[in-house]
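K.L.:
Quick one: structure below, then a few questions.
The values are calculated or read from the model by the stated rules, or taken from the named source; none is laboratory data. Small disclaimer: the values here were computed from a predicted structure and weren't measured. Note: ideal-geometry Cβ built from the backbone for every residue, glycine included; neighbour counts use all protein chains shown.
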Amino acid sequence: MLRYLIVEDEPDVASVLMEVVEGAGSRPLHAPDGRSALWFVESYGIDIALVDIMLPDISGLELIRLINEKSPDTVIIVITSVYEPQTIVKAVKQGASEYITKPFEIAYLKRVLSTYEELIRHRKRSPEPESAEKDPIGEIIGESPVIRALKKTVREVASTDSTILLTGPTGVGKGVFARVIHKLSPRRDAQFVKLDCGAIPEALLESEIFGYNKGAFTGADRDKKGLVERADGGTLFMDEIGELPLNLQTKFLGFLDTKEFRRIGGARDRRSDARIIAATNRSLEEMVKKGTFREDLFYRLNVIHLHIPPLRERGGDVMQLAEYFLGEFSRKMSREIKGFTPDAREFIMNYHWPGNIRELMNLIERAVALTEGDVINLRDLSVPLKPERDLRHFPKEIIPLRRLEDDYILYVLKSTGGNKSLASRLLGITRKTLRDRLRAIEDAQPHGE
């Protein structure tokens, strides 16, 4: 749980801000004036401070400067009715990360807070313990032909220092592949450092990657190593590399070419022997065509390319993964779950898994937590069916109930990959009833459709 400080002398505004913060799962402290705020900053570790410029005792700008001096890691977000360019510039120079004017939209504020919360959690996240007892390749679950071929390639490329590009849809386990490559490499005893390029605000991304020197900007009261420097001798995993801004793509390309970089505010070049593994769920080739990703950087990253397929293309791996997650979550929750019923297994094997391994993992965790028996049945695996782009939407005009039922029957059948047995179970009807309804739907279609 992150610790917030709300510095606001208007009770109504303070109440709204506290509700927003509490709704996000944090417990805020409230200071009605600058002196109280400084006491909180000195007494508690404040992660995020929401500061008004107009305070009854000291200037909000002065308060920002003092908070930055006393707690340089605190993210300061100004929320005020003062909209003057010179005040905004001063606030940013004193160390404010964001400047929001009243009246503000709650939804926008929530998005801003969510972004900075993720950044703070990223900074606090400690490295996961490494296990030297087991073969790391076992962390890649699956024995389908495509996964077996990928495992073989992973073993071959792990011993090299070549840059690797991992591609594939969201949720297929690109991070697992990156970590396994690191564990199999000669760099296994050095750090594995992960950066999610899409989770950090653009204004802070350069300092996160390359670090900064003391005095580089307001609030930089100490030297800070960037992730490139922290990964020296180890592996830097650049997740969602397609989100890297163009200006940083140029600087990062320079590092890839020379292994040299310069901290923000630095006067000399530094070296880092970090191996780079990049990952993306986007088509970098298409981004190159559109001019949003540098062609030379793409070729520099694409030395070794591993494509991780979606779960629906991995055959029996889905059941192997489901059983693995069942065992893991059963142990964590101290449950004795024996396995899956036949209809649950049929569902797992035939569902199209748009969210891939992440969706499967979340579904099994939920099932283990909520099931009342010692086996997982089809009801425990209830999946909220989401419309796909090629499926029709309900029309705005009123239509007969029978037509709505027909649309839904076709939708469930498509969601189960055409499996009529599974579709009939989900719909709560017999296979014969389903066949009759499908025949009636077909007969009702106009000639020629």
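K.L.:
Quick one: which strands (runs of 3 or more DSSP E) sit completely within region 1-59 and have at least 1 residues that are exposed (fewer than 12 other Cβ atoms within 10 Å of the Cβ)?
P.N.:
Strands (runs of 3 or more DSSP E) meeting the threshold: 27-31.
Yes/no per residue for (1) outside the structural domain of residue 244 (by TED's automatic domain parsing); (2) under 30 Å from residue 211 (Cα atoms); (3) in contact with a Leu (Cβ under 8 Å, 6 or more places away or on another chain); (4) among the aromatic types (Phe, Trp, Tyr):
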{"position": "270", "(1), (2), (3), (4)": "no, yes, no, no"}
{"position": "274", "(1), (2), (3), (4)": "no, yes, yes, no"}
{"position": "289", "(1), (2), (3), (4)": "no, no, no, no"}
{"position": "295", "(1), (2), (3), (4)": "no, yes, no, no"}
{"position": "298", "(1), (2), (3), (4)": "no, yes, yes, yes"}
{"position": "327", "(1), (2), (3), (4)": "yes, no, no, no"}
{"position": "334", "(1), (2), (3), (4)": "yes, no, no, no"}
{"position": "364", "(1), (2), (3), (4)": "yes, no, yes, no"}
{"position": "369", "(1), (2), (3), (4)": "yes, no, no, no"}
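K.L.:
Sticking with this structure for a sec: Before we move on, is residue 137 crowded, with 18+ Cβ neighbours inside 10 Å, in a helix (DSSP H, G or I) and of a type in the set (A, V, I, L, M, F, W, C)?
P.N.:
Against the criterion (crowded, with 18+ Cβ neighbours inside 10 Å, in a helix (DSSP H, G or I) and of a type in the set (A, V, I, L, M, F, W, C)), residue 137 does not qualify.
Residues checked against (1) farther than 23 Å from residue 242 by Cα; (2) in contact with a strand residue (DSSP E or B) (Cβ under 7 Å, 6 or more places away or on another chain); (3) small (Gly, Ala, Ser); (4) in contact (Cβ under 8 Å) with a residue 12 or more places away in the chain:
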| position | (1), (2), (3), (4) |
| --- | --- |
| 137 | yes, no, no, yes |
| 148 | yes, no, no, no |
| 153 | yes, yes, no, yes |
| 157 | no, yes, no, yes |
| 163 | no, yes, no, yes |
| 167 | no, yes, no, yes |
| 171 | no, no, yes, yes |
| 174 | no, yes, no, yes |
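K.L.:
Also, I was wondering about something else. Any residue in region 87-96 that is more than 19 Å from the chain's Cα centre (by Cα) and in a loop (DSSP other than H, G, I, E, B)?
P.N.:
Looking through region 87-96, at least one residue is more than 19 Å from the chain's Cα centre (by Cα) and in a loop (DSSP other than H, G, I, E, B).
K.L.:
Test of understanding: among 231, 203, 216, which residue is at pLDDT below 95, of a type in the set (A, V, I, L, M, F, W, C), out of contact with any Asp or Glu (no Cβ under 8 Å at 6 or more places or on another chain) and closer than 25 Å to residue 307 by Cβ?
P.N.:
Being at pLDDT below 95, of a type in the set (A, V, I, L, M, F, W, C), out of contact with any Asp or Glu (no Cβ under 8 Å at 6 or more places or on another chain) and closer than 25 Å to residue 307 by Cβ holds for just one of 231, 203, 216, which is 231.
K.L.:
Next question, about the same structure. What's the number of the only condition in (1) without any contact (Cβ under 8 Å) to a residue 40 or more places away in the chain; (2) farther than 30 Å from residue 149 by Cα that residue 264 fails to meet?
P.N.:
Only one criterion is unmet by residue 264, namely (1).
K.L.:
If you take the residues in region 318-344 that are at pLDDT below 90, part of a helix (DSSP H, G or I) and not acidic (Asp, Glu), which one is nearest to residue 141 (Cα to Cα)?
P.N.:
The extreme case among them is 344.
K.L.:
Tell me the helices (runs of 4 or more DSSP H) entirely within region 360-449 that contain at least 1 residues that are at pLDDT below 85 and surrounded by 16 or more Cβ atoms within 10 Å (Cβ to Cβ). So that I can check it myself, show each step before the final result.
P.N.:
Details: elements: 401-415, 420-427, 431-444.
The helices (runs of 4 or more DSSP H) meeting that bar are 401-415, 420-427.
K.L.:
Cβ-Cβ distance below 7 Å, separation of 6 or more or different chains: which pairs start in region 279-305 with a residue that is surrounded by 13 or more Cβ atoms within 10 Å (Cβ to Cβ) and end on one that is assigned to a loop (DSSP other than H, G, I, E, B) and of a type in the set (Gly, Ala, Ser)?
P.N.:
Pairs found: 281/168; 303/162; 304/162.
K.L.:
Return yes or no: is residue 74 closer than 19 Å to residue 10 by Cβ and hydroxyl-bearing (Ser, Thr, Tyr)? Full working, then the answer.
P.N.:
Working: closer than 19 Å to residue 10 by Cβ: no; hydroxyl-bearing (Ser, Thr, Tyr): yes.
Against the criterion (closer than 19 Å to residue 10 by Cβ and hydroxyl-bearing (Ser, Thr, Tyr)), residue 74 does not qualify.
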